[in-house]
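Reviewing the structure listed below.
The values are calculated or read from the model by the stated rules, or taken from the named source; none is laboratory data. Computed from a predicted model, the values in this text were never measured in an experiment. No Cβ is skipped: glycine too gets one built from the backbone with ideal geometry, and neighbour counts run over all protein chains shown. Heavy atoms of the whole protein, side chains included, go into the accessibility calculation; ligands, DNA and RNA do not. Shrake-Rupley method; radii C 1.70, N 1.55, O 1.52, S 1.80 Å.
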Amino acid sequence: MKLSYSFLIIAALSLVLSIYLPWWIIAPISLAVCYYAQLSWAKSFLVSFISVYLVWLGSIYFFDYGTIRSIVGDLFSMPANVTPYFAAALGGLIAGLFGAAGSLLKPKS
Amino acid sequence: MRKISGLSLLLIGLVLVYILEHSWKIGDNPLPPLGKLLNPYTGVWQNSEDKLTYTDIDLNSKYVKNEVKIVFDDRMVPHIYAQNIEDALFAQGYVEAYHRLFQMDVSTRSPDGRLAEVFGESLLEYDKKQRRLGLGFAADNAVEGWKKFPESYALVEQYSRGVNHFINQLKPEDYPMEYKLLDFAPTEWTPRHCALHLKAMTQTLAGYEEDIEMSNALKLFGKSDFATIYPEHNIKDVPVIPGPYPYANPRLDLADNTVANKIIAGIERPRSNPGVGSNNWAVAGSKTASGTPILANDPHLGLTLPSAWYEIAITTPAFSARGVSLPGQPGIMIGFNEHIAWGETNVGHDVMDYHEINWLDSNQTVYGLDGKKMDVTYRVETIKVKNKRDVIDSVRYTFWGPVVDDDKNLALRWLAHDMAPGPEIQTFVKGMQCRNYDEYLDATGGFYCPFQNFLYADNHGEIGLRVNGSIPVKRAGQGRMVSTGKLSSDDWQGFIPRNQNPQIRNPKTGFVTSANQWSTYSAYPYYYNGSFEPYRGRMTNRMLSKMDSISAHDMIALQQNVYSIQAEEALPILLKYLDESYHKHAFTELIKEWDYNYTADSKAATIFDTWFTEFHELLWDEVYGVRDVTALPEPDIWVTISLLEKNPTNKFFDIASTKKQETVLDIVAQSFVKTLEKLGRDVPKWVDYKKARIPHLTRLPAFSQENIQIGGYKHSINAMQQSFGPSWRMVVELTEKPTAYGIYPGGQSGNPASAYYKNNIEKWASGQYDKLTIETKAQEIPNPKFSITIKQ
C-alpha cells in the first residue's frame, strides 16, 4: 500500500472511530493499517504519527474556541499555544509506536 | 529479530496507553490520565464554550406535567416559566446541574466523608473527621424527618429528578472539566444529597464550639481571671432584637460539678469559620425617599469559584420570584417576588456541645449515665479511597451522639444530628411564594438549623426579623464548656417555643438589622452562648439610625462601607500611650491622619491592623504563649479595647515571661516596634497586604482568581478578608414593581472555560451591581442567550 493511502486511511479511521470509541482506538488502527501496508518500520512510524498528529491538532482547533488552551497551559505550566501541539503529539506518539510495531510484526513475504 | 522488535514496540505502546489512561501520583503531585484528558474527542477540549454559539435545547421528561420554558438572559441567569411548583423545581434541579454539577457533587461529598474516593488518600483524614462528626448520620435523619411531610418531600424529589435528568444525558465527553481531571463520573442525585448539602451549610454556619478551649481556660486561669479574659457581653453591643422580651421563663442554673474540671490534652482542634457572617437590614417607608421599604442583605462566606450562590428566577401562575439559590437546595434562599423580599444572616448560637463519656469497660463499649450502664451503638463507616483499599471506621454512638475523638473520650451533642420535627425542607420553596408577613412566618416556621436571622420587607410597608430555628433551652452557662456527661438532665431542656424566639415587627425606629451580633440583650429570659461579631452590628445600627430619605443607592453605598469602629476606639488610646519618641515617625504621621476606613489603597489600615494584632497578642501573652501546648480560645478584640479604656493598669499588661513589671506603655511601645520591623520601610497598601483571592473548590490555581482589588476587613460592613467576604450583595426596594440590584463574585457557569465563569468578580470588587428585574413573561427577557424547553 502506498504511503499516501496509509496516511489517508489512518486519518479517516481515526477521525470517524474516535467519535464513537475511546481515544486509544488510534492504536489498533495504526497497528492494523501498517501491518498490511508493507512500509518500512520507520515510514510506518512517521506516517502513523503525522496522520494522527494532524487529525488531533485539527480536531482540537475545531473544538477549542481558545479558552481551553490557556487552562491546559496553566494546569501543566506551559505556554497556552503549545498545548494543542503537545496533546496532538501524545496521540501521534501512540499511533507511531503501534504503526511501527504493526510493520515489524508482519512477516516479510 | 523483526518480530522481537515489533513485539517490544507493541509492549511499549500498550504500557504507554495504560499510563495515559489512568491517573498517577508523582511525589505529592497528582497526574491526571493524560490520554483521556487531552484527546480531542472526550478530553477537556470538549468543554470549550463560545459565548456566541449557545443553541436552544428541547427535552422530554415524564416527570413534568406541563411544558416548562427556561430562558437564559444575557448574564446566563435562568428564568424558569412553569405551570406549577413541581415542574418549576424539576427545572431548577436541571439548570443547577447544568451549570454547577461538580460543585454540587463535591459540596455533598465533603460532609459525607467521600472526598478521598475522588481526590485520593490525602483527604482520608478529612473524611474520617467528617464521619466522626456524624454529618452523614445527620443527613439520614433529615431525610427520615422530611418523609413525614409527603407534600414537601415530593418537592425535593422533583428537584432531584431534574438534577438526574441532566446527569443521565451526559456522555463522558460532556462531563464537567473537573471530572476529567480527577477521572471520575457523576452519580445519581437523591434527596439525601439535598440533606447533605444542608448539613454542609450547617457545619459552616452552626459548627461553632470552643468547649475544650473554654474548659481548659477555666482550669488554667481560675474563675476570676477567666471572667476577665473571656467575658460574654460587651456593654456597647447593640443586639439584633433590642426587646422587650415579654416571655416568662425561669433562668435555669448550671451546677458547677457538671463542667469537666481538667485540662484536656491535644491542641488539634477544628477551627470554626472565622470569616463566616453576614449583614442584613430593612428600612421602613418612613425612612425612605420613595416611602416604601428597602431590604438589603450580604451574606459573607468563604469565597469560592464557582460561587456558593446561583442566580435564578422562577415564575408560575401563582408567583414570580427572583434571587439566589444554593445549588443543591430547592427554592430561593435570598431574593424577592412581586410583593415581598427576604434574606438571612447567621445567628451564631452554639448548638454543638461536648460531653465526657465515663467508660465502664476497657473496650469502651459500655458507659455510665444517671448511674446506669449504657451500651454504645455502632455506625460502620466505609471510606473509599482512590487507588487504595477501603478504610473502615466503626463509630460509637452514645446517648449524646457520636464519640468524635477516641483519645479524648468525648461525645458530641449537635443540633445538626436531630430530625427536624416540622417541614424543614419547604422553607425556601414556600418562602419565595409568600405575599405577606404572616404567610412568610408560617412558611419558614419549620426551619430547624442552622439558625438564621430571617429578615423580611414587603410592599404593604411591613418590615420584620425573626431569629429562626429550633433554639435549645439551656441552663445558664451550659454548652460553653465540656460537660461531665454523667447525667442525662445535663442535656438541653427542650426548645424555646418558636413564638418566643427573638423577633421584631415594624419597630418605631423604622429599621431592623442583623450582623451576627448577639441576638438579644441579657434580659432575654433564655440563656444562649455562641460566636458573635462585635462591630458590624453596631455600625449598621449607627448608620441606619441617622439616615433618612434613604434610596436604594444609599443602601448599596452602605454595603460598601469599610469604616472600622475597632480602629475608632482603639487607635486614639494606642496613640495616647505611645511614647513621645515615636510620634515623629512616618508610621505615626500616617495613622494620625487616618479616617479609620479600610480602603484598598490605605497604608494606615495596614499599619493599624498589624499594630493592633501585635498589641493584642502581646497583651494576652498568658494565652498566646501557651496555645502551642494547650488548646485555648482567643480573647475577643473588644475585650482588649475595653481593658485599654477602663483598666489600663490591669495585671495582664505584664508580660509573664519577663522579670520586669510591664505596663500598658511597654506593651504599646513593644508592639509598635514589632510593627515597624514586620512592615519595613515600604508599607504595603491594605489591598496588597491583604491579597484577596478566590480559590476554586479544588484549589487549582488555574481555576482560581488572585489579586482582587478590594478594600474592607473582617469587622467592617464590607467584610472582605483575604478569601472570606460578601458572597452575594442584594438591595431590593419594594416599590409597586420591585427595584432590585445584586451581584456576587463569580459567574453563573461552573465551567472554567466559560465566559460566564468569573465575569462578575471585577464588577463586584469595584462595588457595582446588576439590575435585577422580574419578567413575568418569557418573551420579555431582553437579549436571551438561549432557552430550554421541557415537555412531557
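Annotations
- Those residues of region B:604-654 which are aliphatic (A, V, I, L, M), under 22 Å from B:Phe587 (Cα atoms) and crowded, with 21+ Cβ neighbours inside 10 Å, in sequence order: B:Ala604, B:Ala605, B:Ile607, B:Leu619, B:Ile641, B:Leu644
- Unmet requirement for A:Met78, which otherwise passes all of (1) in a helix (DSSP H, G or I); (2) at pLDDT below 95; (3) more than 7 Å from every other protein chain (Cβ to nearest Cβ): (1)
- Hits in region B:591-603 - residues which are open to solvent by less than 60 Å² (accessible area, probe 1.4 Å) and within 12 Å of B:Ala567 (Cα to Cα): B:Ile591, B:Trp594, B:Tyr596, B:Asn597, B:Tyr598
- Condition check for A:Asp64 on (1) closer than 15 Å to B:Leu38 by Cβ; (2) more than 7 Å from every other protein chain (Cβ to nearest Cβ); (3) open to solvent by less than 30 Å² (accessible area, probe 1.4 Å): one failure, at (2).
- When region B:639-658 is filtered for residues that are part of a helix (DSSP H, G or I) and of a type in the set (A, V, I, L, M), the ones remaining, listed by number, are B:Val639, B:Ile641, B:Leu643, B:Leu644.
- Looking only at region B:5-24, and only at residues there that are more than 10 Å from chain A (Cβ to nearest Cβ) and touching a helix residue (DSSP H, G or I) at 6+ places or on another chain (Cβ under 9 Å), the one that is modelled with the lowest pLDDT: B:Ser23
- Residue match in region B:25-40 (condition: open to solvent by 50 Å² or more (accessible area, probe 1.4 Å) and facing chain A (nearest Cβ under 7 Å)): yes
- Residues that are more than 14 Å from B:Leu326 (Cα to Cα) and part of a helix (DSSP H, G or I) were ranked within region B:77-93; the one that is most open to solvent (accessible area, probe 1.4 Å) is B:Glu86.
- Residue that is nearest to B:Thr190 (Cα to Cα), among those in region B:338-351 that are crowded, with 24+ Cβ neighbours inside 10 Å and over 16 Å from the mean Cα position of the chain (by Cα): B:Trp342
- Just one of the listed residues (A:Ile71, A:Ile19, A:Ile26) is assigned to a helix (DSSP H, G or I), within 30 Å of B:Pro701 (Cα to Cα), at the interface with chain B (Cβ under 9 Å from one of its Cβ atoms) and not acidic (Asp, Glu), and it is A:Ile71.
- Selected residue [open to solvent by less than 40 Å² (accessible area, probe 1.4 Å) and at positive phi] from B:Gly302, B:Gly285, B:Gly222: B:Gly222
- Any hit, region B:418-434, residues being among the basic types (Lys, Arg), over 20 Å from B:Asp112 (Cα atoms) and surrounded by fewer than 21 Cβ atoms within 10 Å (Cβ to Cβ): no
So that you can scan it fast, the table gives a plain yes or no per residue for (1) assigned to a loop (DSSP other than H, G, I, E, B); (2) open to solvent by 70 Å² or more (accessible area, probe 1.4 Å); (3) more than 30 Å from B:Arg100 (Cβ to Cβ):
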{"position": "B:Lys660", "(1), (2), (3)": "yes, yes, yes"}
{"position": "B:Ser671", "(1), (2), (3)": "no, no, yes"}
{"position": "B:Asn707", "(1), (2), (3)": "no, yes, no"}
{"position": "B:Gly712", "(1), (2), (3)": "yes, no, no"}
{"position": "B:His715", "(1), (2), (3)": "yes, no, yes"}
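- You will find that of B:Tyr126, B:Tyr41, the residue that is touching a residue at least 60 places away in the same chain (Cβ under 8 Å) and of a type in the set (Phe, Trp, Tyr) is B:Tyr41 and no other.
- Qualifying residue in region B:744-753 (condition: in contact with a Ser or Thr (Cβ under 8 Å, 6 or more places away or on another chain), within 14 Å of chain A (Cβ to nearest Cβ), polar (S, T, N, Q) and assigned to a loop (DSSP other than H, G, I, E, B)): no
- If the condition is being closer than 25 Å to B:Gln709 by Cβ, open to solvent by 10 Å² or more (accessible area, probe 1.4 Å) and either assigned to a helix (DSSP H, G or I) or polar (S, T, N, Q) (or both), then region B:762-778 contributes B:Glu762, B:Lys763, B:Ala765, B:Ser766, B:Gln768.
- Residue that is nearest to the other protein chains (Cβ to nearest Cβ) [pool: residues in region B:41-64 that are among the acidic types (Asp, Glu) and open to solvent by 90 Å² or more (accessible area, probe 1.4 Å)]: B:Asp56
- Filter result for the condition that a residue is more than 14 Å from chain A (Cβ to nearest Cβ), closer than 30 Å to B:Val385 by Cβ and open to solvent by 60 Å² or more (accessible area, probe 1.4 Å), over B:Glu121, B:Glu96: B:Glu121
- Condition met for B:Arg498 (in contact with an Asp or Glu (Cβ under 6 Å, 6 or more places away or on another chain) and either among the basic types (Lys, Arg) or free of Cβ contacts under 8 Å to residues at least 24 places away in the same chain (or both)): no
- Residue check, B:Leu574 open to solvent by less than 40 Å² (accessible area, probe 1.4 Å) and part of a helix (DSSP H, G or I): yes
- Matching residues in region B:310-328 - criterion: being open to solvent by less than 10 Å² (accessible area, probe 1.4 Å) and either closer than 23 Å to B:Lys714 by Cα or not in a strand (DSSP E or B) (or both): B:Pro327, B:Gly328
- Flag for B:Arg699 being in a loop (DSSP other than H, G, I, E, B), open to solvent by 20 Å² or more (accessible area, probe 1.4 Å) and at positive phi: yes
- Tally, over region A:82-105, of residues that are open to solvent by 30 Å² or more (accessible area, probe 1.4 Å), more than 7 Å from chain B (Cβ to nearest Cβ) and touching a Gly at 6+ places or on another chain (Cβ under 8 Å): 1
- Among the candidates B:Ser160, B:Ser152, the residue that is part of a helix (DSSP H, G or I), modelled with pLDDT under 95 and not basic (Lys, Arg) is uniquely B:Ser152.
- Filtering B:Lys199, B:Lys148, B:Lys180, B:Lys171 for residues that are over 26 Å from B:Val395 (Cα atoms) and either open to solvent by less than 40 Å² (accessible area, probe 1.4 Å) or within 18 Å of the chain's Cα centre (by Cα) (or both) leaves a single hit, B:Lys180.
- Qualifying positions in region B:365-387 - open to solvent by 60 Å² or more (accessible area, probe 1.4 Å), closer than 29 Å to B:Leu115 by Cβ and not charged (D, E, K, R): B:Thr377, B:Tyr378, B:Val380, B:Thr382, B:Asn387
- Exclusive hit being within 12 Å of chain B (Cβ to nearest Cβ) and open to solvent by less than 20 Å² (accessible area, probe 1.4 Å), set A:Ser51, A:Ser6, A:Ser40, A:Ser59: A:Ser59
- Among the candidates B:Thr599, B:Thr513, B:Thr540, the residue that is of a type in the set (Ser, Thr, Tyr), in contact (Cβ under 8 Å) with a residue 60 or more places away in the chain, under 30 Å from B:Lys690 (Cβ atoms) and assigned to a loop (DSSP other than H, G, I, E, B) is uniquely B:Thr599.
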